[in-house]
Amino acid sequence: MATLREVNAFEMSFISNILSLPILVVIGILSQEFNSAMLITEISSWHQIIICLSCICGFLLSVSAFMLNKLISATALMVANNVNKFGVIIASEIWFGPSLSLMSTLGASLVLLFGWTFASAHWISSFDFFSFKIQIFALTCLSIFVVSEMTQLTRISTQLFGNM
């Protein structure tokens with residue numbers, strides 16, 4: 001009689017990668033990538049080592065992602081990814097100079113606000129949860145209104161002054 005056993009993160013990642021190989025082959029054939037893949041023999045052994053290390057790091061990243069999925073919920077993972085992107089935006093602003101428009105800054109600020117709101121949701125008692133939902137709804141409506149007004153102001157200024 002067959003029994004089920006729990007598959008660990010290493011096995012899950014390995015199975016996932018094996019199952020993706022047929023799709024990779026079909027895409028490689030359709031996009032004619034196999035011709036350029038044969039050029040791997042023409043690069044130096046140092047570059048081949050770097051490519052192999054990159055593959056190993058990718059596999060280990062996949063293993064760590066499967067391990068993380070067992071520890072936290074999908075919603076918490078999504079919020080963490082969005083807040084992480086905000087950190088990347090700030091770092092790029094510091095290293096590469098200012099590039100955000102007013103609309104992008106507003107959007108990034110809303111991501112932080114809603115991430116903080118989600119993180120603080122577990123502090124709220126069940127009695128206050130309904131008022132918390134109303135506050136979230138009000139914040140969402142306000143942010144949609146502000147973004148639409150900013151978009152309208154951008155259109156008007158572009159029509160009046162052109163792209164300066």
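The values are calculated or read from the model by the stated rules, or taken from the named source; none is laboratory data. Computed from a predicted model, the values in this text were never measured in an experiment. In this analysis, Cβ positions are derived from the backbone assuming ideal geometry, glycine residues included, and neighbour counts consider all displayed protein chains.
Points to keep in mind about this one:
One line per residue, one yes/no per condition, for (1) outside the structural domain of Leu142 (by TED's automatic domain parsing); (2) in contact (Cβ under 8 Å) with a residue 24 or more places away in the chain; (3) not in a helix (DSSP H, G or I):
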position: Asn17; (1), (2), (3): yes, yes, no
position: Ser20; (1), (2), (3): yes, no, no
position: Gly87; (1), (2), (3): no, no, no
position: Ser99; (1), (2), (3): no, no, yes
position: Val111; (1), (2), (3): no, yes, no
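- Options Ser73, Ser62, Ser99, Ser54; residue that is among the hydroxyl-bearing types (Ser, Thr, Tyr) and more than 21 Å from Ser13 (Cα to Cα): Ser99
Residue-by-condition table, conditions (1) in contact with a helix residue (DSSP H, G or I) (Cβ under 8 Å, 6 or more places away or on another chain); (2) farther than 30 Å from Leu113 by Cα; (3) among the small types (Gly, Ala, Ser):
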site: Arg5; (1), (2), (3): no, yes, no
site: Leu53; (1), (2), (3): no, yes, no
site: Lys70; (1), (2), (3): yes, no, no
site: Asn81; (1), (2), (3): no, no, no
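- Odd one out for Ala108 among (1) under 15 Å from the mean Cα position of the chain (by Cα); (2) on the phi > 0 side of the Ramachandran plot; (3) small (Gly, Ala, Ser): (2)
- Just one of (1) loosely packed, with under 10 Cβ neighbours inside 10 Å; (2) under 30 Å from Ala138 (Cα atoms); (3) polar (S, T, N, Q) fails for Gln32. It is (2).
- Hits in segment 2-32 (condition: within 18 Å of Ile56 (Cα to Cα) and small (Gly, Ala, Ser)): Ala9, Ser13, Ser16, Ser20
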